[in-house]
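One structure below.
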Amino acid sequence: MTDRHAPDDEAGPSGSALVVIPTYDERENLEPVVQRLRAALPAAHVLVVDDASPDGTGELADELAAADERVHVLHRSDKAGLGAAYVAGFDWGLTRDYAAMVEMDADGSHPPEDLPRMLAMLGPGGTGADVVIGSRYVPGGRVVNWPWHRQALSRGANLYSKYALGVPINDSTAGFRAYRSHVLTELSLHNIASQGYCFQVDLTLRAVEAGFTVVEVPITFTDREFGESKMSPDIVREALLRVTKWGLRRRTNQLRSLFPRT
């Protein structure tokens with residue numbers, strides 16, 4: 001992996017946020033998203049984590065970084081999955097002392113204009129939240145331009161996750177969220193093998209089980225205009241199998257706590 005604008009001894013400004021944006025073939029979407037993000041949150045830094053996109057997304061990211069000292073690029077040698085890209089981005093940010101880190105897609109579906117509100121909720125100065133999820137499925141949240149089958153899949157996955165795992169989160173699969181950085185240091189990120197939907201559910205469950213305060217705020221999710229979704233049947237199958245396994249483990253542990261051996 002290589003990075004631009006980031007010698008190893010460079011630290012993030014005290015109190016600043018790092019927005020991690022994984023990319024694979026997002027050349028048409030990346031620049032508008034970064035422009036919106038920089039307008040909405042001028043003090044934030046941006047880290048584009050590119051998985052060797054064949055369409056030149058990585059090269060465009062380098063151009064954006066050359067023009068703006070708050071934009072950085074982490075190049076990875078191959079397409080290793082969304083979860084691995086986020087873990088690499090979080091590691092990059094944690095070594096540079098950013099106070100908060102954000103997950104955000106590159107395709108324009110997540111509104112950067114909501115980030116000031118989400119970040120303001122973190123920590124003692126806000127609502128005391130450790131994790132803030134930009135949620136489609138709380139009052140005020142909505143989805144725009146998604147085909148019915150994608151919305152049905154997403155709603156079904158989130159309902160299943162909520163009840164199978166017994167966590168009070170309506171949008172566990174959401175990929176738009178902000179973390180206090182200390183949360184990520186405690187979640188054993190390098191033990192996470194999940195990708196796609198499942199990576200987000202995994203982090204949500206780990207945060208809840210660790211006792212962190214997770215809150216949801218409504219957002220408007222707008223389907224991408226350019227490029228193709230990275231969702232695949234394999235990612236859906238992985239999510240179903242892993243969530244079922246985690247749910248069984250969680251329910252078993254709950255029963256054991258109610259009926260301890262004597």
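Figures for the structure shown
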| read-out | value |
| --- | --- |
| One residue from Ala106, Ala129, Ala85 being touching a residue at least 40 places away in the same chain (Cβ under 8 Å), closer than 25 Å to Val243 by Cβ and in contact with a Ser or Thr (Cβ under 6 Å, 6 or more places away or on another chain) | Ala129 |
| Residues of the stretch 188-222 that turn out to be open to solvent by 20 Å² or more (accessible area, probe 1.4 Å), more than 24 Å from Val33 (Cβ to Cβ) and polar (S, T, N, Q), as a count | 3 |
| Output for the stretch 54-85, where each listed residue is open to solvent by less than 20 Å² (accessible area, probe 1.4 Å) and either at pLDDT 95 or above or over 21 Å from Phe199 (Cα atoms) (or both) | Gly56, Thr57, Gly58, Leu60, Ala61, Ala65, Val71, His72, Val73, Leu74 |
| Answer residue from the stretch 148-185, given it is open to solvent by 30 Å² or more (accessible area, probe 1.4 Å) and within 16 Å of the chain's Cα centre (by Cα) and is farthest from Val217 (Cα to Cα) among those | Thr185 |
| Residue within the stretch 30-38 that is part of a helix (DSSP H, G or I), open to solvent by 30 Å² or more (accessible area, probe 1.4 Å) and not charged (D, E, K, R) present | yes |
| Pair list, Cβ under 7 Å, 6 or more apart: the stretch 203-214 residue under 17 Å from Val102 (Cβ atoms) and of a type outside the set (A, V, I, L, M), other residue open to solvent by less than 40 Å² (accessible area, probe 1.4 Å) and in a helix (DSSP H, G or I) | Phe212/Val183 |
| Matching option when the condition is in contact (Cβ under 8 Å) with a residue 12 or more places away in the chain, assigned to a loop (DSSP other than H, G, I, E, B) and in contact with a Ser or Thr (Cβ under 9 Å, 6 or more places away or on another chain), among Ala174, Ala164 | Ala174 |
| Restricting the stretch 161-185 to residues that are modelled with pLDDT of 95 or more and among the basic types (Lys, Arg), the residue that is farthest from Phe212 (Cα to Cα) | Arg177 |
| Candidates Tyr86, Tyr98, filtered to the one that is aromatic (Phe, Trp, Tyr), farther than 16 Å from Pro22 by Cβ and touching a helix residue (DSSP H, G or I) at 6+ places or on another chain (Cβ under 8 Å) | Tyr98 |
| Residue in the stretch 96-108 that is at pLDDT below 95, more than 24 Å from Val167 (Cβ to Cβ) and open to solvent by 30 Å² or more (accessible area, probe 1.4 Å) present | yes |
| Residue list for the stretch 208-249, restricted to those being at pLDDT 95 or above, polar (S, T, N, Q) and more than 19 Å from Pro168 (Cβ to Cβ) | Thr220 |
| In the stretch 250-262, the residues that are touching a Gly at 6+ places or on another chain (Cβ under 9 Å) and at pLDDT below 75 | Arg251, Gln254 |
| Some residue of the stretch 139-147 being within 22 Å of Gly83 (Cβ to Cβ) and open to solvent by 10 Å² or more (accessible area, probe 1.4 Å) | no |
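Here is a yes/no grid of residues against (1) under 21 Å from Asp223 (Cα atoms); (2) without any contact (Cβ under 8 Å) to a residue 12 or more places away in the chain:
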{"residue": "Gly58", "(1), (2)": "no, no"}
{"residue": "Val73", "(1), (2)": "no, no"}
{"residue": "Gly81", "(1), (2)": "yes, no"}
{"residue": "Met101", "(1), (2)": "no, no"}
{"residue": "Arg117", "(1), (2)": "no, no"}
{"residue": "Pro124", "(1), (2)": "no, yes"}
{"residue": "Arg136", "(1), (2)": "yes, no"}
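The values are calculated or read from the model by the stated rules, or taken from the named source; none is laboratory data. What you see is a predicted model; the values in this text were computed from it and never measured. Glycine also receives a Cβ, built like all others from the backbone with ideal geometry; neighbour counts cover every protein chain displayed. The area values use the complete protein model at the heavy-atom level, side chains included, leaving out ligands, DNA and RNA. Shrake-Rupley method; radii C 1.70, N 1.55, O 1.52, S 1.80 Å.
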